[in-house]
Structure formats: structure tokens, C-alpha cells
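Chemist: First, the structure itself, so that you have it in front of you.
The values are calculated or read from the model by the stated rules, or taken from the named source; none is laboratory data. None of these values were measured; they are calculated from a predicted model. Note that we place each Cβ from the backbone using ideal geometry, even for glycine, and neighbour counts take in every protein chain shown. Just the protein is used for accessible areas: all its heavy atoms, side chains included, with ligands, DNA and RNA removed. Shrake-Rupley method; radii C 1.70, N 1.55, O 1.52, S 1.80 Å.
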Amino acid sequence: MTLIFAHRGYSGAYPENTMLAFMQAEKFCADGIELDVQLTKDGEVVVIHDETIDRTTNGKGFVKDYTLAELQKFDASYTYKKFGKRNPIPTLEEVLQWLQSNHLYCNIELKSGTSYEELVEKVIYLVRSYRMSERIIVSSFNHYSIVHSYRLAPEVEIAPLYREGLYMPWIYAGAIHAKAIHPNFKVAPDFIIKSSLKHGIKVRPYTVNNEKEMKRLFSLGCSAIITDELKKAVQYRKQ
Ligand code: G3P
Ligand code: CA
């Protein structure tokens, strides 16, 4: 069965990369969540997509220029007035703590900052501290990051993210010890998915939000899809 990963949590209906979006993903029957991580000025691993906080919070500036305490004063749900409550930027540690209460998979996307090695090392330290290696997939567009992750922690699955058409991506995946690939769905035609699966490489395309694409991937028996539209995906998979 194709698994459904909630992209930045259930971001189609809740503020992305917040504890609220992750908890709603569990409630709406996701098999896993996807989230993005970066380092703060004081070296903490926080969950946020953009390099700046401008789009998703009521603050301004670069994540790397704020300490964790400063960052957590901002509201990562300020455009979602209907939820009333303030939702701060979570730390990866908070998410790992919460994951102890369920069985969700968690795809941690390492964002590409200058100190990518430090980010990898901190993420692996946390994953191991919470004994989460079996439910974590570490992905990145920066393939040096995931290779570094594999060298530090071969027990944690890695997956390259990519958005250009790769020739025989299952060969590339094997060469870097990745057990999965995370292509943009636009560069994941049927034959690439079928061949990858045949060669033992899982395929989890992102960000799959339309009905036709979801149905194509479900009928191919794709390993997972990464989607903002969790409720729809669960409904189409049932059909
Ligand atoms: O991990 C899949 C997807 O999240 C990659 O793109 O920009 O949404 O982080 P982006
Ligand atoms: Ca992401």
C-alpha cells in the first residue's frame, strides 16, 4: 500500500511546520509527516521551511540570526486567526518527543545552510537519543548532507530529493546508499517508479496535491506520496 506523508504536517488546512499541523496529520490518518529543519544562531535545530521567518511568522529576518528563545516569541500561525491560539516554531526535539506517543514515520528534510555538517550531526544525535532510527528518513536537496548522515548513522534511511529528470536514479541511489528517492512528481514518470521499485529503491514523490496524480501513484503501488492535501489523499486511496 502507498503510504501518505503529510507535507510540513497537514499544511493544506493548518499552519505548516507547527505542532498543530503535525498533530492534525495524525488525526487525519497520515502514515507519516514531512518537516524541514535548520539551525538557529545558538545552534538549536528548529522546524521551519524558509531561510527567513517572513512568510510563515509575524517576524522578519533570517532564522540563523535569531536564538531559539528569540524565535519562539514569534507566531508561526499568525495568518490562521481562526485557530485563536499562538503556535510557535517547534524544535525538532519537541517533534521527536511527540512522536513517542504514536507510530508515524517522520521525514526530516535538511535545509541547505552553510553549516550543513553541524545540522546533520545535531539531527542524528537527536534521532539516536530518542531511539527513532527506524521511523526516520533523512532527505535533502543537498546530497552531501545525506551522505554525511549515512556515514555517521548508516542505520538511518537517507533519500535524495531532486527536481530534474535523472537517468536511472536507482543506480545513483544505490551508489550513495540511499534506500529511497524523493523526486518532484513531475520527474517521476511510471517507468522510473516501476524500475526503481524493481531494483529495491522506494519512491516517495512530492508534492502531490491533485487527484489525477494521486490516483496514478496509488495504482502504481508507489511507496509513498508527500502531500499537503491529506484528507483528499486518504479518501482517494480508499477508493
Ligand atoms: O520533501 C519534499 C518537499 O518538501 C521538498 O520541497 O520546498 O517543500 O521543502 P519543499
Ligand atoms: Ca520540505
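Chemist: Among all residue pairs at least 6 apart or on different chains, which show Cβ distances below 7 Å where the first residue, located in region 140-154, is closer than 15 Å to ALA175 by Cβ and the second is among the hydroxyl-bearing types (Ser, Thr, Tyr) and open to solvent by less than 60 Å² (accessible area, probe 1.4 Å)?
Modeler: Matching pairs, first to second residue: TYR144/TYR116; ILE146/SER139; ILE146/SER140.
Chemist: Considering only region 190-218, how many residues are under 26 Å from ILE171 (Cα atoms) and either among the hydroxyl-bearing types (Ser, Thr, Tyr) or in a helix (DSSP H, G or I) (or both)?
Modeler: Adding up the residues that qualify gives 16.
Chemist: Could you check region 99-125 and list, in sequence order, the residues that are of a type in the set (A, V, I, L, M, F, W, C) and either over 13 Å from GLU44 (Cβ atoms) or open to solvent by 70 Å² or more (accessible area, probe 1.4 Å) (or both)?
Modeler: Residues satisfying the conditions are LEU99, LEU104, CYS106, ILE108, LEU110, VAL120, ILE124.
Chemist: Any idea which of LYS179, LYS212 is out of contact with any Lys or Arg (no Cβ under 9 Å at 6 or more places or on another chain), among the basic types (Lys, Arg) and more than 16 Å from ligand 2 (Cβ to nearest atom)?
Modeler: LYS212
Chemist: To continue, here is another question. Residues that are free of Cβ contacts under 8 Å to residues at least 40 places away in the same chain, surrounded by 14 or more Cβ atoms within 10 Å (Cβ to Cβ) and touching an Asp or Glu at 6+ places or on another chain (Cβ under 7 Å): does region 187-203 have at least one?
Modeler: Within region 187-203, one or more residues are free of Cβ contacts under 8 Å to residues at least 40 places away in the same chain, surrounded by 14 or more Cβ atoms within 10 Å (Cβ to Cβ) and touching an Asp or Glu at 6+ places or on another chain (Cβ under 7 Å).
Chemist: Now for a separate question. Just for region 204-216: of the residues that are buried (at least 23 other Cβ atoms within 10 Å of the Cβ) and within 14 Å of ligand 1 (Cβ to nearest atom), which one is farthest from VAL138 (Cα to Cα)?
Modeler: The residue in question is VAL208.
Chemist: Consider only pairs whose beta carbons are under 7 Å apart and that are at least six residues apart or on different chains; among these, list those whose first residue lies in region 8-35 and is on the phi > 0 side of the Ramachandran plot and whose second residue is polar (S, T, N, Q).
Modeler: ARG8/ASN17; GLY9/ASN17; GLY9/THR18; GLY9/GLN24
Chemist: Could you please find all residues in region 179-203 being of a type in the set (A, V, I, L, M), under 14 Å from ILE137 (Cα atoms) and more than 14 Å from ligand 1 (Cβ to nearest atom)?
Modeler: ILE201, the sole residue that qualifies.
Chemist: Continuing with this model, one more query. Could you please find all residues in region 156-178 being under 17 Å from LEU110 (Cβ atoms) and surrounded by fewer than 22 Cβ atoms within 10 Å (Cβ to Cβ)?
Modeler: VAL156, LEU161, TYR162, ARG163, ILE176, HIS177
Chemist: Would a scan of region 97-120 turn up a residue that is aromatic (Phe, Trp, Tyr) and in contact with a Lys or Arg (Cβ under 8 Å, 6 or more places away or on another chain)?
Modeler: yes
Chemist: Does region 219-231 contain any residue that is in a helix (DSSP H, G or I) and either open to solvent by 50 Å² or more (accessible area, probe 1.4 Å) or out of contact with any helix residue (DSSP H, G or I) (no Cβ under 9 Å at 6 or more places or on another chain) (or both)?
Modeler: Yes, because at least one residue in region 219-231 is in a helix (DSSP H, G or I) and either open to solvent by 50 Å² or more (accessible area, probe 1.4 Å) or out of contact with any helix residue (DSSP H, G or I) (no Cβ under 9 Å at 6 or more places or on another chain) (or both).
Chemist: Now for a separate question. Is it the case that some residue within region 103-115 is in contact (Cβ under 8 Å) with a residue 12 or more places away in the chain, within 16 Å of ligand 1 (Cβ to nearest atom) and among the acidic types (Asp, Glu)?
Modeler: yes
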